[in-house]
């Protein structure tokens, strides 16, 4: 029991359970299954982008990807435009989205490595280019996804949303990579002490490059699914996932100092954030209140984590 309680990811699930119970109490206990289904469906998008952001943050202080919203928008827009609502083109659209993720990830890393820009500046500047490309390629059109893709994105399997199954599969893949692969050990070592890892023979720059590509590929998958789920790619569809992708990583127990990841915590935090937003929406709270609350939660988690490290 002591070992279980010491797991950082546990508290995000406890918070999600508490938010769910509070919501049920405020609504009289009705619609529990519908709320749980919605939390899994909408929380899956935050979990997918959060998994990618978690890998980047694991690299250590200063590493974060701010191009996630623009990458989501660009991948969703180009994928839908390539499919053009034609049946049987879902896999082609996925391929286009993955290529967008690969391209944006390589471009981000090129700015970081060759131009020597800090990751925050590099990914923020690049995001302006990606968003402009999305606007140029969209030109006010809202192309619907193929019917079979829309049915998959909004459908369910064994009572759970299909997008939640996709998020679960991706989470398992990331967990296996971190816990059972050489690359995972390289990533954790680089995050703990990049200079020491380099001296120990770890190909640090290869790890950084693959990590920055991984986060944009995850964002591209999320954008592809979100555009299919919502019936079209909107130019602001990824906007809320900038702060959300960081929030679910921090709340989920991943160390902002680097060198430690928590895959289960990302999912727990994603459910928690959706339930909090859902509860605020039921009381008519605006987007500004939700953003303020999200920021306060992140600040609180960082303060608690820093205090615990100082005590140790």
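General remarks:
- Convex hull of Cα atoms in the chain, direction-averaged projection (nm²): 17.3 nm²
- The Kirkwood radius of the range 122-200, taken over pairs of alpha-carbon atoms, gives through the Stokes-Einstein law at 37 °C and 0.692 mPa s a diffusion coefficient of 194 µm² s⁻¹.
- Residue order for 181, 245, fewest other beta carbons within 10 angstrom first, comes to 181, 245.
- Cβ-based exposure ranking for 109, 224, in which fewest neighbours within 10 Å come first: 109, 224
- Computed [θ] at 222 nm, helices only, for the chain once each DSSP H run of length n ≥ 4 contributes -39500 (n - 2.57): -25000 deg cm²/dmol
- Kirkwood Rh in Å, taken over the range 6-123 so that all alpha-carbon pairs contribute: 17.4 Å
- Stretched out straight at 0.36 nm per residue, the stretch from residue 102 to residue 169 would grow longer than its current Cα-Cα span by 22.1 nm.
- Model label points for residue 137 and residue 205, set 7 angstrom from Cα along the Cα-to-Cβ axis, are 2.9 nm apart.
- Orientation-averaged projected area, Cα convex hull of the range 213-279 (nm²): 5.3 nm²
- Gyration tensor (alpha-carbon) shape descriptor, the range 175-216, a/c threshold 1.5: oblate
- Over the range 174-243, the reciprocal of the mean inverse Cα-Cα separation, the Kirkwood hydrodynamic radius, stands at 14.1 Å.
- Ranked list, fewest to most other Cβ atoms within 10 Å of each Cβ, for 135, 48, 172, 217: 172, 135, 217, 48
- Relative contact order of the chain: 35 percent, from C-alpha pairs under 8 Å at least 6 residues apart in sequence.
- Shape call, the range 71-161: gyration tensor on alpha carbons, a/c limit 1.5: prolate
- Over the range 33-72: Kirkwood hydrodynamic radius from C-alpha pairwise inverse distances, Å: 11.5 Å
Every read-out reported here was derived from the displayed coordinates using simple, explicitly stated rules and does not represent laboratory data. As the structure is a prediction and not an experimental result, all values here were calculated from the model. Methodologically, a virtual Cβ is constructed for each residue, glycine included, from the backbone with ideal geometry; neighbour enumeration extends over all protein chains shown.
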